[in-house]
Amino acid sequence: MSKIIVAIDGYSSCGKSTTAKLVARQLHYAYIDTGAMYRAVTLYFCQNHISHTNPKEVQKALENIHITFRRHPETGSNDTYLNGLNVEDEIRKMYISDRVSDVSTVAEVRHAMVAQQQRMGRSKGLVMDGRDIGTVVFPQAELKIFMTSDPLIRAHRRQEELLAKGELVGIEEVIENIKKRDYIDTTRAESPLRQADDAILIDNSMMTVEEQVELVVRLADERIGQAIRRGE
């Protein structure tokens with residue numbers, strides 16, 4: 001059966017990862033959370049006192065950063081491992097959210113992560129979400145989605161996610177974090193967040209997760225059918 005690459009880009013806290021995970025499960029595809037990769041790099045920088053503005057420190061640090069994903073045997077989630085240690089919970093904390101956009105603007109960091117991501121997609125059969133998947137990592141992806149949502153709805157979703165992990169953060173702090181990340185993501189010189197010309201825009205402000213997944217799976221099935229008809 002023909003396989004494709006599904007690239008899902010969009011703003012922070014708009015539900016990309018949740019949708020991408022469920023789409024991958026329905027398609028029986030691999031799922032890669034690229035945001036988690038940048039969060040893992042940020043965690044390493046924090047733990048080892050690496051300045052993202054020091055090119056020599058950054059380059060040396062990247063040589064010692066190894067990121068993998070493993071399925072959790074109990075939850076079934078795709079957990080992030082940094083140098084062999086499960087860091088899934090730690091990278092979701094607010095202090096990482098406050099720093100990850102700055103780290104992800106560094107050209108050396110993006111080049112290293114993009115190279116890893118492209119290796120992961122060589123065999124297709126992949127759902128990947130992030131900021132530059134359809135524009136930089138896989139511009140040839142058969143299906144590109146760009147997700148957005150109302151900023152206040154995104155803030156409440158993010159606050160609920162943090163609360164579920166035991167971290168109580170005020171809504172104003174979450175809103176400011178989202179505004180900061182949006183600004184940095186869309187204005188950075190290296191791989192800024194933007195909608196690819198051939199990406200399908202999905203505003204999920206008033207959509208349930210189930211509706212989002214159903215829509216993306218239907219679009220993926222259409223692309224898979226087209227690939228089969230072309231004999232790919």
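Ranked highest first by average number of other Cβ atoms within 10 Å, how do 65-76, 178-189 line up?
Highest mean packing first, the order is 178-189, 65-76.
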Sum of -39500 (n - 2.57) over DSSP H runs of 4+, divided by residues of the chain (222 nm, nearest 500): -15500 deg cm²/dmol
Dipole magnitude of the chain, debye to nearest 20 (Cβ charges: Lys/Arg +1, Asp/Glu -1, about Cα centre): 680
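Apply the Kirkwood formula to the chain: the hydrodynamic radius equals the inverse of the mean of 1/r over all pairs of different alpha-carbon atoms; give it in Å with one decimal.
About 18.1 Å for the chain.
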Positive minus negative residues near R92 (Lys, Arg vs Asp, Glu; Cβ under 9 Å): -2
Rg and Dmax [Cα atoms of region 83-217; Å; Rg one decimal, Dmax integer]: 15.8, 43
Region 41-117-region 200-232 distance, computed between alpha-carbon centres (Å): 30
Å³ per residue enclosed by the Cα convex hull of region 1-89: 139
Peptides ranked, highest mean first, by Cβ atoms within 10 Å: ranges 109-117, 218-226: 109-117, 218-226
Sum of side-chain charges, Y11 neighbourhood, beta-carbon under 10 Å (Lys, Arg +1; Asp, Glu -1): +1
In degrees, nearest ten, helix 94-104 long axis to first principal axis of the chain (Cα): 70
Amide hydrogen neighbours beyond the local backbone of I8, cut-off 5 Å, H modeled: M128, D129, G130, I145
Percent of beta bridges antiparallel (DSSP, the chain, rounded to nearest 5): 30
Set of region 15-29 residues, backbone N closer than 13 Å to the point 7 Å along the Cα-Cβ line of E167: none
Cβ-based net charge around Q159, under 15 Å, with every Lys or Arg adding one and every Asp or Glu removing one: 0
Additional length obtainable on full extension of the chain from K93 to N54, 0.36 nm per residue less Cα span: 11.6 nm
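Quick note: the coordinates plus some simple rules give every number you see, no bench work behind them. What you see is a predicted model; the values in this text were computed from it and never measured. Neighbour counts are summed over all protein chains in view; Cβ atoms, including those assigned to glycine, are modelled from backbone coordinates with ideal geometry.
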